[in-house]
1. Taking the range A:125-150 as the search range and keeping residues that are assigned to a loop (DSSP other than H, G, I, E, B) and at the interface with another protein chain (Cβ under 8 Å from one of its Cβ atoms), which one is nearest to A:Ala98 (Cα to Cα)?
2. Looking at the range A:67-83, which of its residues are of a type in the set (D, E, K, R) and closer than 22 Å to A:Asp139 by Cβ?
3. Mind listing whichever residues of the range B:81-106 are under 19 Å from A:Cys148 (Cα atoms) and more than 10 Å from chain A (Cβ to nearest Cβ)?
4. Among the numbered criteria (1) more than 7 Å from every other protein chain (Cβ to nearest Cβ); (2) in contact with a helix residue (DSSP H, G or I) (Cβ under 8 Å, 6 or more places away or on another chain); (3) modelled with pLDDT of 95 or more, which single criterion is violated by A:Glu109?
5. Out of the range A:57-80, which residues are acidic (Asp, Glu) and away from every other protein chain (no Cβ under 13 Å)?
6. Across the range B:162-193, what is the number of residues that are closer than 15 Å to B:Ala279 by Cα and either in a helix (DSSP H, G or I) or in contact with a Pro (Cβ under 8 Å, 6 or more places away or on another chain) (or both)?
7. Which pairs do you get when a residue that is at negative phi and basic (Lys, Arg), found in the range B:245-267, comes within reach of a residue that is surrounded by 16 or more Cβ atoms within 10 Å (Cβ to Cβ) and outside any loop (DSSP other than H, G, I, E, B), reach meaning Cβ atoms under 8 angstrom, with the pair 6+ apart or on two chains?
Protein chains: 2
Amino acid sequence: MHELIRNLLLKKLNNPILNELGDSAFIDTFGGADTPLSVSPYSRPRPSGRGYRRADYRQNLAFTTDSFVVSPLRFPGGDIGKLAVCGTVNDLVMAGAAPEYLSLAFIIEEGLDYSLLEYIVDSIAITARKSRAAIVTGDIKVVEKNACDKIFINTSGIGRIVKNRRLSLKNIRPKDKIIVTGNLAQHGMAVLAKRKDLDLGLPIKSDCAALDNLLIPLLKKTAAIRFMRDPTRGGLATTLNEISEGCGLGIVIEEKKLPISQQVRAAGELLGLDPLYIANEGIAVVIVEPKSGDRVLAALRRNPLGRKAQIVGEVIKEFPGRVILNTSIGTQRIVDMLTSEPLPRIC
Amino acid sequence: MHELIRNLLLKKLNNPILNELGDSAFIDTFGGADTPLSVSPYSRPRPSGRGYRRADYRQNLAFTTDSFVVSPLRFPGGDIGKLAVCGTVNDLVMAGAAPEYLSLAFIIEEGLDYSLLEYIVDSIAITARKSRAAIVTGDIKVVEKNACDKIFINTSGIGRIVKNRRLSLKNIRPKDKIIVTGNLAQHGMAVLAKRKDLDLGLPIKSDCAALDNLLIPLLKKTAAIRFMRDPTRGGLATTLNEISEGCGLGIVIEEKKLPISQQVRAAGELLGLDPLYIANEGIAVVIVEPKSGDRVLAALRRNPLGRKAQIVGEVIKEFPGRVILNTSIGTQRIVDMLTSEPLPRIC
């Protein structure tokens, strides 16, 4: 996947906005159609080492896209429709943008049960309404039997960047606190358990949720947040590795601080899967300046979506680009990036 | 499809922007994230009969989405990648918006030939660069064998509405001229002929093209354009029916004025398909105030993309909601809307 993105897409579609490779693109909308080219990405200076600077002040919107191919379509705690809204809303939130507008595009296999489609659309409507993002444009394509597996959904989103907050890997400093806003691996494990018909007594429930109501008000209130990312594909381990690589610092996390439910722990042991590597869709990693760690943690915990939040570790000068785990038995180990995609169609 | 959109999506996702049902949504970006709710679609007055008015002056952007599932993936004159850029660019242009930013999302079947993927990405890059739209964000999902037919692409787009031009069905008046900017059915027939391995001597070439360079400069120069739409699914017949229904007026077109190539005519006869109902992706229907018809036609023809442009008919007071064809043998007939989708996966 990494290869595909770097060697194929970036090389051929090269432009400074795409090259940032964030989950959302930062774009501006101040030019007016009659200011030809002045705002086109191609007319901006190309990245050229350290001298290159983006006209950051102009960028007031975030733009993102995601396709959803989860299987099964329904699982405890969610379904493809809920996921399609949450995933795109959360990508915008991680960019520090309040979600405003969503597009919605279905690819539907001919003969799909109408009541299932109705269920999915209901779920989309409810989730979007909760998140204050509105679905303003859409598309439907129907393909013949066996040309797709039931239904795929794409949502793209536009969010408004919260004023004076530009979250960036470059803002991260040693001693910054690393907060995880909720239980790890809850979403991915719920989908996997359902797919494998795992009997764990009570089913594991996905915590899939739109995080704008948790994080946008907080972001408006405090300048203490340096960076946010949602640990989706590859789980917390992969996200922390991306962060430490991106900011050129080390990260150390405490195993006994990691919020993991008993059920997820049990399922992980049964399936031989480490919750650190399992995809999430209802939690965020929030990096906060050192002195505000406890205050931000307390604010998160006051919201039901953040009541399991934990400070799980901090940024360090040592081990640049590495993630270190202090285990509960007192040893240390390196937490590697996931190199292959072990669990397709979790989102 | 109509049922699905009206009964399921509009009912459940109801909001004033979506309810307009244009190919693009008109959105605004002036609020700033710190103007809570004032710009959310939900806080705008709900449609309530005649009293409802949108705050039109605020809307400076158009937002659109489209998924592409064409089969075969390559055809004379184009491929799914070119189509994915042109389709979304053209939806923005039809809204009177200069395309600026595109998202790009792939759903790829495991094992897809890498050289094919490379070909498609090249095609996307070339087409986007020609159209001045930049791909700024993306997503890739890989699904297992047989979970999708090779590759599907979604593109969403943001365009900046040309100042002081608000194209709308409501602007259309009797005697307005109806211009078609190029040969009919060229794209759809090219895909069909390729799919059916039709031997017509020379292959029919799709005219699939991004129309921003043809239409945006024109739109900036003249206020004579009332409305534009690209006759994609269901062809010119369906688009004209939608227009006449939408504006509550009649439309009369002259069969002998319709630009149709000899090859497309021949293929249509072979396959028993009327070019009026075949999808296009390189032409637009442009509705122009009566006195400017010839001037706009001449301007279009000066551009290679518009050199086959024709005034094919006009808007009339009679037959509201109907499209009338004056045939080349001197008779008149009603051109109905297409009721079922006869040709899936043309785009």
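The values are calculated or read from the model by the stated rules, or taken from the named source; none is laboratory data. Quick caveat: nothing in here was measured; it's all calculated off a predicted structure. In this analysis, Cβ positions are derived from the backbone assuming ideal geometry, glycine residues included, and neighbour counts consider all displayed protein chains.
1. A:Arg132
2. A:Asp79, A:Lys82
3. Residues satisfying the conditions are B:Gly81, B:Ala84.
4. Single failed check for A:Glu109: (2).
5. If the condition is that a residue be acidic (Asp, Glu) and away from every other protein chain (no Cβ under 13 Å), then A:Asp79 is the only one that fits.
6. 13
7. So the pair list comes out as B:Lys257/B:Gln310; B:Lys257/B:Ile311; B:Lys257/B:Val312; B:Lys257/B:Gly313; B:Arg265/B:Pro275.
Residues checked against (1) closer than 23 Å to A:Ala95 by Cα; (2) of a type in the set (Gly, Ala, Ser); (3) exposed (fewer than 14 other Cβ atoms within 10 Å of the Cβ):
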position	(1), (2), (3)
A:Lys257	no, no, no
A:Ile283	yes, no, no
A:Glu289	yes, no, no
A:Ala299	yes, yes, no
A:Pro304	yes, no, yes
